[in-house]
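Take a look at the following structure, please.
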Amino acid sequence: MIKIKNEQNLNMQNPASPLQRVDGYWEHHSLRFMPKHDWEVMIQNDVINVVFNGKTFDVSPEKINLISGLLSSVVELEDDNQNKYQLRGWKRDQIKEFQQALEGSLLHFYYRYPEKVFLGYQSWRDSFTKEYEKEKSRGWVWIDPVTPYSAPQPPGLKDSDWINHAKPLFNRLDPETDFELVLNIRGYIYKENRKDLELLIKEDSGFFDTIEKNPLTEEQRRAVACFAPRTLVVAAAGSGKSSVLAAKTAYAIKKGFFLPSEMLLLAFNNDAAAGLKNKVTSATGKDIEVCTFHKFCLQVIGKATGRKPAVAKFIEQEQGDRVMGNILLDLIKDPLYKHKFDSYNLFFGPRHKEAKGEEEKRGFQLVTKQKEIVKEALQNT
């Protein structure tokens, strides 16, 4: 895990540099009849001293910009007071030497002040560490909201220098954290989640052995112990999905991942909801909210609008299939609708199952484009 360190460790003023020493001196003096444009530049590692028309000042390597032209080159620089200067009159051999020395000086500068390279890292790390510990206390670290740290190549460094020095520069800033971990924080979280999942299954084997009449299977244990934001459990009817939900609810309370008031279990119909409610109550001894999707959505709409929408009586009485069937029978009395309905079911799936007497009464038939009756399809429908 990324560890928090004291702020004083972040700015290393005098690091032991792994770089070669950089020294250089260049000067230019104007002719007597020309406007005065005299300058001297001296580089000693990351310290750059400039004398411009008699004025002496130091310049940071990151504040120097070299502009190369076909006939001449210009060096733009800025002092600590944000005064800008242009050094002209460079010879070709001078500007080439100066450019190489400036690249070396810039590396020395970044090794002394690595926070200049990894801008915003401290605040990102503090924010990530806080959020990570909070999420982990809830049983799982959610990857989706995690914002990875981006470490762009700083201006002035060649690609080869950045490749070779990115990790050592980062170690100057944060010697306790793996640079590769920071670059792939989502992969790190994924591995940690999987590691914690295996640990939970092993540590709480007693819970998984006794929460149901029979010990939970290996697949059930994984489904119960996994608290990812989205967990899909695919299983056949009667294989123990409801047992997983009940055990998962009890396990969340046992581990302190969630409070009973923070949990909601949904089912598709009233019978399933009632059965799940009994299982959950038996497993937890708590009054956990269990209801159908429809009931929950009606509650949300009612709270949001201050008015609970009315639901058709036949829905509340679970007579939806019968009523919808009668509506369909009325609709297909229209020859045009009947033709469209028959065509749809012929090509896209089984048609609505109806009573055989009603079917014979209205003379329902599936036909091909050649107007031939599809007898086998009618018999097997």
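Over the stretch 160-248, one equal point on each Cα, no solvent: what is log10 I(q)/I(0) by the Debye formula at q = 0.13, 0.20, 0.21, 0.23 Å⁻¹?
At q = 0.13, 0.20, 0.21, 0.23 Å⁻¹ the computed log10 ratios are -0.59, -0.94, -1.00, -1.12.
Suppose only helical runs count, i.e. DSSP H with n ≥ 4. What mean residue ellipticity at 222 nm does that imply for the chain under -39500 (n - 2.57) per run, divided by all residues and rounded to the nearest 500 deg cm²/dmol? Provide the component values of the computation, followed by the final result.
Numbers: 15 runs with 175 residues, N = 381.
So the calculated ellipticity at 222 nm is -14000 deg cm²/dmol.
Stokes-Einstein D for the stretch 102-176 at 4 °C, 1.567 mPa s, Kirkwood Rh over Cα pairs, in µm²/s? Before the final figure, lay out the partial values.
Numbers: Rh = 14.0 Å.
So the translational diffusion coefficient is about 93 µm²/s.
Run the numbers on the stretch 148-269 and let me know its relative contact order in percent, using alpha-carbon pairs under 8 Å that are six or more apart. Could the numbers behind the result be given before it?
Numbers: 50 pairs, mean separation 19.8, N = 122.
Taking the mean separation of contacting Cα pairs over the length of the stretch 148-269, I get 16 percent.
Ok, one more. Could you tell me which of the pairs LYS213/LYS313; LYS191/LYS254; LYS202/LYS279; LYS195/LYS295 are separated by over 31 angstrom between their Cα atoms in the structure shown? Display every interim value, and only then the final one.
Values: LYS213/LYS313 40 Å; LYS191/LYS254 24 Å; LYS202/LYS279 24 Å; LYS195/LYS295 38 Å.
Pairs exceeding 31 Å: LYS213/LYS313; LYS195/LYS295.
Here is a further query. Among THR147, PHE118, ALA236, flag the residue with its Cα farthest along the positive direction of the charge dipole of the stretch 109-237, charges on Cβ as +1 for Lys/Arg and -1 for Asp/Glu.
PHE118
Compute the normalised compactness of the stretch 40-144: alpha-carbon radius of gyration over 2.2 N^0.38 Å, N being the residue count.
Dividing the Cα radius of gyration by 2.2 N^0.38 Å gives 1.62.
Quick check: the angle from helix 185-203's long axis to the longest principal axis of the chain, C-alpha only, nearest 10 degrees?
Helix 185-203 sits at roughly 50 degrees to that axis.
Could you pull the accessible area for MET324 with a 1.4 Å probe, rounded to 10 Å²?
Solvent-accessible area, nearest 10 Å²: 110 Å².
On to the next question. For PHE314, PHE170, PHE348, write out the residues from largest to smallest accessible area, computed with a 1.4 angstrom probe and no ligands counted. Don't skip to the answer; put the middle values down first.
Values: PHE314 60, PHE170 0, PHE348 150 Å².
Output order, biggest surface exposure first: PHE348, PHE314, PHE170.
Then there is this: What is the spread of the Cα atoms of the stretch 212-291 along each of their three principal axes, largest first, in whole Å?
30, 28, 27
Moving to a separate point now. What do you get when you divide the Cα radius of gyration of the stretch 177-330 by 2.2 N^0.38 Å, with N the number of residues? Kindly include the intermediate steps, with their values, before the conclusion.
On the way: Rg = 20.2 Å, N = 154, 2.2 N^0.38 = 14.9 Å.
Computed over Cα atoms of the stretch 177-330, the ratio equals 1.36.
So which residue, out of LEU173, LEU276, LEU70, gets the largest mean-square fluctuation from a GNM of the chain using Cα contacts under 10 Å as springs?
In the Gaussian network model the winner is LEU70.
If you look for lysine pairs in the stretch 45-169 that are eight or more places apart or on different chains, how many of them have Cα atoms under 26 Å apart?
21
With every protein chain kept in the model, how would you rank HIS165, HIS339 by accessible area, 1.4 Å probe, largest at the top? Provide the component values of the computation, followed by the final result.
Details: HIS165 35, HIS339 115 Å².
The ordering from most to least exposed comes out as HIS339, HIS165.
Treating the angle as unsigned and between 0 and 90°, give the value, to the nearest 10°, between the Cα long axis of helix 270-284 and the longest Cα principal axis of the chain.
60
Relative contact order of the stretch 15-118, please, whole-number percent, based on alpha carbon pairs below 8 angstrom and at least 6 residues apart. Please report the intermediate quantities before stating the final value.
Details: 169 pairs, mean separation 25.2, N = 104.
About 24 percent, as a whole number.
For the chain, calculate the relative contact order in percent as a whole number, restricting contacts to Cα pairs under 8 Å that are 6 or more residues apart.
Values: 394 pairs, mean separation 34.5, N = 381.
Relative contact order here is 9 percent.
Could I ask something else about it? For the chain, with every protein chain kept in place, what is the accessible area per residue (1.4 Å probe, Å²)?
Numbers: 24700 Å² over 381 residues.
Normalised by residue count, the accessible surface of the chain is 65 Å².
Summarise the accessible area of the chain (1.4 Å probe, protein heavy atoms) by the percent that is carbon and sulfur.
Numbers: 13120 of 24700 Å².
Carbon and sulfur together cover 53 percent of it.
If you bin the C-alpha pair distances of the chain every 10 Å from 0, what whole percents do you get?
4, 14, 14, 13, 12, 11, 10, 9, 7, 4, 1, 0
In the Gaussian network model of the chain, springs joining C-alpha atoms below 10 Å, which of ILE301, ILE327, ILE163 carries the largest mean-square fluctuation?
Top of the fluctuation ranking is ILE327.
Just LYS202, LYS55, LYS167 to compare: in a GNM of the chain, with alpha carbon springs under 10 Å, which one fluctuates most?
LYS55
Dipole size in debye (nearest 20) for the chain around its Cα centre, Lys and Arg Cβ +1, Asp and Glu Cβ -1? Spell out each step's value before the answer.
Values: 55 positive and 52 negative charges, 312 e Å.
Rounded to the nearest 20 debye, it is 1500 debye.
So how tilted is helix 159-173 from the main axis of the chain? Cα-based, degrees 0 to 90, rounded to 10.
Computed tilt is about 80 degrees.
While we're here: In the chain, what % of DSSP beta bridges are antiparallel (nearest 5)? Working shown, then result.
Numbers: 27 of 31 bridges.
Taking every DSSP beta bridge with both residues in the chain, the antiparallel ones total about 85 percent.
The values are calculated or read from the model by the stated rules, or taken from the named source; none is laboratory data. No experiment lies behind these values; they were computed from the predicted model shown. Every residue, glycine as well, gets a Cβ built from its backbone with ideal geometry; the counts of neighbours run over all protein chains shown. What goes into the accessible areas is simple: the full protein's heavy atoms, side chains included, and nothing from ligands, DNA or RNA. Shrake-Rupley method; radii C 1.70, N 1.55, O 1.52, S 1.80 Å.
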